[in-house]
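The values are calculated or read from the model by the stated rules, or taken from the named source; none is laboratory data. Keep in mind the model is a prediction, meaning the values are calculated, not measured. Quick reminder, even Gly has a Cβ in these numbers, built from the backbone with ideal geometry, and neighbours come from all protein chains shown.
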Amino acid sequence: MFLISCDKTENNVDTSTLRTVTIKDLAADPTTGFDPNNGMPIGDTKRFTFFRFSDSSIVANTDSATTTWDIGFRASTIIVNSGISGPGSAAKCSDGKYAKIELLSYYKGSPVAPDAFKDQARYYTFRYVYQSNGSKNLNKE
């Protein structure tokens, strides 16, 4: 599991500015099969799928060199566009706001007991909390 989260140093958060979203089966350069000679994946593009938290959208790969995306997925590699604000802190998004993310599954359909030999990999299901007021506090307490 991969988690970027916030610390608990801020209090009295206006929770109306927090938005929790679950994204299901975001394709992260899935393969079309495996080479029968060596077992290596085939059919992938080697490109990232870029995602923006503020509007829950996929950003075109042609915008990879811009600040219009927040997180990118390719196979089992995850990158962030604006860095992380510190240990135990929220991830700073490209728009200057903050988010935390919890990865729920790497397999299409989020099987309860995934089987790497049967289930289709490179499809992320994740939940994130986005704080639209610029605060690093992402707790709904």
task: Quickly run through the stretch 43-63 and pick out the residues that are among the small types (Gly, Ala, Ser) and free of Cβ contacts under 8 Å to residues at least 12 places away in the same chain.
output: 57, 60
task: Mind counting the residues in the stretch 96-121 that are more than 13 Å from residue 24 (Cβ to Cβ) and under 12 Å from the mean Cα position of the chain (by Cα)?
output: 4
message: Which condition from (1) modelled with pLDDT of 95 or more; (2) in contact with a Cys (Cβ under 7 Å, 6 or more places away or on another chain) is the one that residue 125 breaks?
response: (2)
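Does the stretch 1-13 contain any residue that is among the aromatic types (Phe, Trp, Tyr), closer than 16 Å to residue 91 by Cα and modelled with pLDDT under 90? Quick ask: steps written out before the conclusion?
Step one: list which residues in the stretch 1-13 are among the aromatic types (Phe, Trp, Tyr), which gives 2.
Imposing the further condition that a residue be closer than 16 Å to residue 91 by Cα reduces the set to 2.
When the remaining residues are screened for being modelled with pLDDT under 90, the result is 2.
Yes, the stretch 1-13 contains a residue that is among the aromatic types (Phe, Trp, Tyr), closer than 16 Å to residue 91 by Cα and modelled with pLDDT under 90.
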message: Please go through the stretch 99-141 and give me each residue that is in contact with a Phe, Trp or Tyr (Cβ under 6 Å, 6 or more places away or on another chain) and in a loop (DSSP other than H, G, I, E, B), ordered by number.
response: 108, 114, 119, 136
